[in-house]
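Readers should treat all values here as calculations from the given coordinates under stated rules, not as data from a laboratory. Computed from a predicted structure; not experimentally measured. Backbone-built Cβ (ideal geometry, glycine too); neighbour counts: all protein chains shown.
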């Protein structure tokens, strides 16, 4: 009989190998694999009581949540804000793989935000902030980086325009100054392969064939 824990460990190792093959700049260390294992098993157990995600098994969580989150990395520029983070997706996974990044997670639901707070402490994550309120109520000075975010990301929104409407005020005005300033990004993973809004880029998800990344890049001259 197969040990479920050992099987999950093997799946994480296989995922790490796939990530490095498809995204060579990302090398998931043994410590990070252990953190991913702890996150997934904790989410599975917590979810049995509090139902913070519709995904029930650790194996499905690894495929539908972890792989989906890791695949966002090439489009992320810190500091970033994860809006409507739910169970810490994608913010916790991005933070595990990029421990030096400044990450703020915004999640108003008490059961979900309690899980995020537990995982931040349990995994020993630093340079991360949880705000347990709606994005509309968050001020730019509340963020871990009070100058604002370079990237807004949300797995649960499904629409870049809506994400920009509710959280665009959290993007950093200082990043929009000068011709050399980098564009800001609003990123939403989706199952839709077609752009929804004018100016929206759509990229194939590097790890999931049925997922696509919808991206709005905001140039320096287009201030909020």
Note the angle between two axes, namely the Cα long axis of helix 4-22 and the longest principal axis of the Cα atoms of the chain, as a number of degrees from 0 to 90, rounded to the nearest 10.
-> 40 degrees
Given a cut-off of under 8 Å on Cα pairs at least six residues apart, what relative contact order in percent is computed for the chain?
-> 16 percent
Based on the mean of other Cβ atoms within 10 Å per residue, sort peptides 16-25, 103-112, 37-46 so the most packed one is first.
-> 103-112, 37-46, 16-25
For the range 68-218, take the alpha-carbon Rg, divide it by the Kirkwood Rh, and send me Rg/Rh.
-> 0.94
Could you tell me what percent of the DSSP beta bridges with both partners in the range 68-218 are antiparallel, to the nearest 5?
-> 40 percent
Using alpha carbons only, how many degrees (0 to 90, rounded to 10) separate the axis of helix 110-122 from the longest principal axis of the chain?
-> 70 degrees
How big, on average over all directions, is the shadow cast by the Cα convex hull of the range 13-124, in nm²?
-> 6.4 nm²
